[in-house]
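Heads up, the thing below is written out as structure tokens.
The numbers here are math on the coordinates, done by the rules we state, and not lab data. These numbers were taken from a predicted model, which means no experiment stands behind them. Glycine gets a Cβ as well: all are built from the backbone with ideal geometry, and neighbour counts include every protein chain shown.
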Amino acid sequence: MYLIKLIGAVLGEFKLLLLPKLLVDEVVAISEGADLSQHLSNAILYIALTLGAEFLSNVLQNIANSTINYEKVYLDRILTYRLSQKSMEMDFQYTEDPDVLDQRTKAQDGIEWYSGGVTGIISCFYDVVFNLALMVTSVTLFMFYCPLLLPVQIIGMGFICFFNFQSQKVALAAFLRLGKLNRLFGYYLYDVASQKYGKDARLYDSSELMSGNAGKFGGMTVDTFRDQSVGTVKFDYAGNVVNAFRDGISYFYLGYRTIKGFLTLGDLTMCISAASRLYQSLLGIGRSFTNLTQKCSYAYQFLVYLDYPDALYRGDTKVKEGEHEIVFENVSFKYPRAEEYVLENVNIRIKSGEHLSIVGLNGAGKTTFIKLLCRLYDVTEGRILIDGVDIKEYSIEEYRKLFAVVFQDFQLFAFSLKDNVAMGKADSDIDEKEVEEALKLSGLYEDAIQLDEGLNTRLFKSFDEHGTELSGGQKQKAAISRALYRNAPIVILDEPTAALDPLAEYDIYKKFDTLVGGKSAIYISHRLSSCKFCDHIAVFSDKTIKEYGTHDELVSKENGIYAEMFAAQSQYYVEAAS
């Protein structure tokens, strides 16, 4: 398509450069008394050629531009897909790294807005080729008609290219500063305006706070653009001054040669057009090269994001089938960039089929323990073994299939309820009977079949006005259903009943053995009554496991952490009963 566009553009330049000269010469010849019939027919021919070139040029360029616009949409979607795919597939720890989040903003803005994507870069390259062809044509004409003007044009262009280069440096520096600002501005202006923040924003009357922050970061963004404008305007003025001198010298010289009879009026017309086109072509080459460099620099941010290396070591050992024993050996961990350890010297053995309850105060490291086991992060010191093999040696994809996890901050998606549950086995076809069984076990099935479209009802109203908004308890049951549908050998439940009412919670507890069966289960809860359903309890405190044993062993331990926590919770029920 760019070749067709080039042919159309060349026809347009032919119409501007050569045909006016020929037409003017014919008109001058007629006015000076030359043979009317011959020169009039020539003039009509040149007019017809001009109109034909104009028409064909427009047709070819319109066809090319329409196709290029279509291809731009197609290619932009591919780039957006790659960006989203990288975001979903990169190691989890990057999703909590502010530098990576800033880089993602630079990548998205760079490839979508600043560079114009693949077609934006190709268009710059096309401009270089077109302007080179135009320059060669103009230089050839000058060599025959006014060779002394070439140095003037080239020197002027040299200055203008330098000014453009300096201007683009200022623009690129501004772009790199905008990465974090755009993310903050977008968060306050768009993200906090989403439906999920609606209740809090209204009940706490936080609209002014959010709008104020949006205005603050929006103002900082405007300031950055203003600084860019201030930094580039002096270079624009300098370029205009150089161009004015170039035009003045060129027109004076061409006029002088015409008066002296070295050029005809047609030649003058052509040389004025050639001078203008030479300048435009030289300027276009300079700008195109500068824009190409700039756009490639912006697009490079996209490549930097895609090229983020794996944070975790990739093993290739297959996970064996059957029973699985988990061992933490002297495990210590601190988050990237952090100085303080979150866990220190954790040692525990979880036998196959064992049900372990993890308790402790907020911030004791319980969820971090789960993240390490699921290998969302790698340990800082020590090692985690499954079946006697360091988990780093396993294929990550194979290893994570061992786990069905419900995190405290689980997410449901604007898909159908069935699809949300079936995500537990995203690599296989949906088994509707198993989906129904999982919903029955979690206690959500009866509510689900009452929905307008049953299990096919879309969650939320983001894309479907008939979508359903589940209650907090229903959402939690849906997340538990997803974990059950996965049917993995190790089940991890992080506060799985926090949003359930006491009766629903009791129903889950009654079904606990049915829910997890003979599988290994790790259960995090602040409600210590749930610990009675587990074989052992690990009490986290001071960044490690301080107590370990059965409920009866720990509740009878004098001055024990678990015993004090259990007693503190029990007294509320006793007081309420009295």
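Some values worked out for this structure:
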read-out	value
Per-residue Cβ neighbour rank within 10 angstrom, fewest leading, K477, K440	K440, K477
Kirkwood-based Rg to Rh ratio, the range 29-177, C-alpha trace	1.20
Debye, to nearest 20: dipole size of the range 357-429, +1 on Lys, Arg Cβ, -1 on Asp, Glu Cβ	240 debye
Only Lys, Arg (+1) and Asp, Glu (-1) charged, at Cβ; the range 391-430 dipole about Cα centre in debye	100 debye
Volume of the Cα convex hull of the range 412-487, divided per residue and given in Å³	77 Å³
Too-long pairs where the Cα-Cα distance tops 28 Å, listed order kept, from K320/K371; K334/K475; K371/K532; K351/K532	K334/K475
Filtered GluC sites (Glu not before Pro), the range 394-490: DSSP coil and at most 11 other beta carbons within 10 Å	E465, E469
